[in-house]
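The values are calculated or read from the model by the stated rules, or taken from the named source; none is laboratory data. Keep in mind that what you see is a predicted model, and the values were worked out from it rather than measured. Glycine also receives a Cβ, built like all others from the backbone with ideal geometry; neighbour counts cover every protein chain displayed. In case anyone asks, the SASA skips ligands and DNA or RNA and just uses the protein heavy atoms, side chains included. Shrake-Rupley method; radii C 1.70, N 1.55, O 1.52, S 1.80 Å.
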Amino acid sequence: MDETAQLNLPLLQPAQAQKHVTVNEAMMRLDALVQLVLVSRVLATPPAVISDGVVYGVPNGAVNDWAGHDGEVAIGSNGGWAFVTPKAGWSAWITDEGQRALHDGGNWRSGMVTLSPFGAGARLGVAEIEHTIAVGAVSTTSTVIPSHAVVLGVTARVVNAITGSLSTWQLGTPGAPDRFGSGLGVGEGSWAKGVLSSPLTYYAPTALELTATGGDFTGGQVRLSVHFLELTLPSI
């Protein structure tokens, strides 16, 4: 046996020379895999500069030094890469997505809080956009609430002051203009925390709607975050 069963840490062998090399390699892998943080799981081309301890999830079709390592974890080590195969139940933070993921034995599943043997589960997600406010009394975002999502609430932050003749504004959806807040501030840094008393399911992709109170919008920018729960299907 050359490696451990779970983390593929290299083991010392009888009468082995240069034992410190193997021990250091094992320590390097432990340092990378415990509290696992993946820079990305979609980058197919390895970075030109390799930093020791940096970790990536290798996607299908990866090239160059990652070719032939689809689905594995690549760890920067001594100017090259060490590869480990993740197992079902591993958890990782994915930096470029800003979310945690569970491994189901084949793929990383973002936001999963439960995961059945057949791959079904509950997923917590945040859908975020930065919305530039249009001129007029109502400014509608692009579609942001996903289909079949159980929405827990929407939070917002004004990143560029809202301008116009309005005094305050409301945040909601078409047909429910104040569902996530009313009397909201227009200055930079103003915020909304629209927590629903009862979670609400949206069965089709849905936009958010900003409604001016006491006048019209002329500009501004708002960062909007939809917090939701989603159920995933079992595999075939």
For T132 and S165, compute 0.36 nm times the residue count separating them, minus their Cα-Cα distance, and round to one decimal in nm. 10.2 nm
Net length gained if the chain between A176 and S225 were fully extended (0.36 nm per residue, minus Cα distance): 15.9 nm
Can you give me the % of accessible surface on the chain that is carbon or sulfur? Probe 1.4 Å, all protein chains present, nothing else counted. 56 percent
Label model pair D216, V49: point-to-point distance (7 angstrom along the Cα→beta-carbon line) in nm is 5.1 nm
Where labels lie 7 Å past Cα in the beta-carbon direction, separation of D2 and A88 in nm: 2.7 nm
Quick one: accessible surface of F118, probe radius 1.4 Å, all protein chains present, in square angstrom to the nearest 10. 140 Å²
The extension gain from V39 to L124, computed as 0.36 nm times the residue separation minus the Cα-Cα distance, is 28.6 nm
Taking R0 as 30 Å, what's the FRET efficiency between K193 and S116 from their Cβ-Cβ distance, rounded to 0.05? 0.40
Here are several values of Cα Rg over 2.2 N^0.38 Å: [x] 1.21; [y] 1.77; [z] 1.35. Which one was derived from the coordinates shown? [z]
Expressed as a rounded percentage, what relative contact order does the chain have, with Cα pairs under 8 Å and six or more residues apart? 18 percent
Expressed as an acute angle from 0 to 90° and rounded to the nearest 10, what is the orientation of the C-alpha long axis of helix 19-33 relative to the principal long axis of the chain? 20 degrees
